[in-house]
Amino acid sequence: MADQRARAQRDSTTPLIAFRVDWRFNNGPIQVGNTQSTTGILPGQYWPYTHPTPFNVPASGGTLKVWVVGVGDTNHANDTLFFPVDVLNAWATKTVLLEQYTGTWCQFCPIPNAVTNTLNDDPLIIVAKHHNGDELSSASSTAYWQQFGANYSPSGVMEQEEFGTLPDNANYDLWSGWADLRKQGVSPASIGITAGFNAWQRVLTVDLSIGFTAALSGEFVVNAYVVQDNIPGVQVAGGSNYVHQQVVREVMGGASGTAGAIPATTAAGRHIQPPVQHGDPEEWDAGSLRVIATVTEKRNSTSWTVNVAEGEFVLTSVEEHVAPFFRAWPNPASGSAFVQFEQPMPGR
């Protein structure tokens, strides 16, 4: 049974004072919703709606048609949506990706930052914060964010805009509800992460494993973000002793992600190992770093997050302190040999 809650958005300049939502699956009966009064939905505004009839998905897929019936509105051409529905016999747990555009200079960002800090505590919600034009921003993060056209702070993007059906917005009071709806879903793909940090060379290595529970066809890309938590710093209107969380330090797969790692058609039970991704953490505190990995489907330059996962970095090696000068004897040796390390003489 699918959740029957939805949101209706008004595009016409005439306020919508009453409406209902109807739906139909394939050639089945039309499920008529209850008429709901409003205070007058204006252009660009949304209104919540709960349909009284649950959508029970049958054993085979098809097309779900949903449309809005407004009082006095006889043209449904711009009120109707069609959703292809597939049925999964096996699935992975779905985790929701919520990305936020923020900045240390942004006076309106402390409250949204606190909201996403709380959401990130939910094991089924992963938050990534892309900083805008401040000391915590990065070129790869900025380039990645440009695809959404959300060049304002604060703004939020959920599930990479779901093929453009869920555009960016600043209504942080709605983010929690939207995420709660989406985490009730399932995914046809699971993500395994092995992330290592070489403390001597200061190199990050991310190795992913993608497992599919169903056959899929489409254009898929993978990506990985290096994220840092617990960064003390300034924040306009944030008070003293401000600490930044979920900061995207680097988008390892670039703005478009890594294409070609996942075939255009997958099979149930297939596991894929994308190319290992590497990064240099510069002066970041390795103890506060983690990685977020995504599998994304692309359609007509739009995106949808198939699934997302996170993992901690594991220390893989430490610097070995070896004296640069030594003596070995006898040379050549037969049987036992001896090695003596010594400190270099001044000037050597």
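The values are calculated or read from the model by the stated rules, or taken from the named source; none is laboratory data. What you are looking at is a predicted structure, and each value in this text was computed from that prediction instead of being measured. Cβ atoms come from the backbone with ideal geometry, glycine included; neighbour counts cover every protein chain shown. For the accessible areas, the whole protein counts, side chains as well, though only heavy atoms, and no ligand, DNA or RNA atoms are used. Shrake-Rupley method; radii C 1.70, N 1.55, O 1.52, S 1.80 Å.
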- Note on the structure: Candidates SER187, SER60, SER256; GNM for the chain (alpha-carbon contacts under 10 Å) flags as most fluctuating SER60
- With each label point set 7 Å from Cα along the Cα-Cβ vector, what nm distance links THR316 and TRP200? 1.3
- Query: Which residue, GLN246, GLN160, GLN147, has the most motion in a Gaussian network model of the chain that connects Cα atoms within less than 10 Å?
  - Reply: GLN147
- Query: Tilt of helix 172-182 relative to the longest C-alpha principal axis of the chain, in degrees (0 to 90, nearest 10)?
  - Reply: 90
- Query: Which number comes out as Rg/Rh for the chain once both Rg and the Kirkwood Rh are worked out on C-alpha atoms?
  - Reply: 1.12
- Item | 222 nm mean residue ellipticity, helices alone, for the chain (DSSP H n ≥ 4; -39,500 (n - 2.57); rounded to 500) | -2500 deg cm²/dmol
- Item | Gained length - ASP73 relative to VAL243, 0.36 nm times residue gap less alpha-carbon distance | 56.1 nm
- Message: Need the full-extension length gain, ASN89 to LYS65, defined as separation in residues times 0.36 nm minus the C-alpha distance. One decimal, nm.
- Response: 6.4 nm
- Cβ charges +1 (Lys, Arg) and -1 (Asp, Glu), total dipole of segment 258-308, debye: 480
- Query: Under unit Cβ charges (Lys, Arg +1; Asp, Glu -1), what dipole magnitude, rounded to 20 debye, does the chain have relative to its Cα centre?
  - Reply: 700
- Measure nothing but the geometry: give the 0 to 90° angle between the long axis through the Cα atoms of 110-120 and the longest principal axis through the Cα atoms of the chain, rounded to 10°. 80
- Item | Accessible area in square angstrom per residue, the chain, 1.4 angstrom probe | 52
- Message: Using a 1.4 angstrom probe on the protein heavy atoms only, could you order TRP175, TRP284 from most to least accessible area?
- Response: TRP284, TRP175
- Message: If each residue of separation counts as 0.36 nm, what is the full-extension length gain between PHE82 and SER209 once their alpha-carbon separation is subtracted?
- Response: 42.4 nm
- Item | Rough spin-label spacing in nm, given labels placed 7 Å along Cα→Cβ, for THR50 and THR118 | 2.1
- Taking square-rooted eigenvalues a ≥ b ≥ c of the alpha carbon gyration tensor, is segment 174-243 rounded, prolate or oblate, where a/c under 1.5 means rounded and, failing that, a/b exceeding b/c means prolate? oblate
- Message: How far apart, in nanometres, would the label points at ALA18 and ASN300 be if each is projected 7 angstrom from Cα along the Cα-to-Cβ direction?
- Response: 3.5
- Task: Let me know the shape class of segment 97-158, please: from the alpha-carbon gyration tensor, a ≥ b ≥ c as square roots of the eigenvalues, rounded when a/c is under 1.5, otherwise prolate if a/b is greater than b/c, or oblate.
- Result: oblate
- Message: Out of the total accessible area of the chain (probe 1.4 Å, heavy atoms of protein only), what percent is carbon and sulfur?
- Response: 53
- Note on the structure: Taking only the Cα positions of segment 105-194, the convex hull volume per residue in Å³ is 131
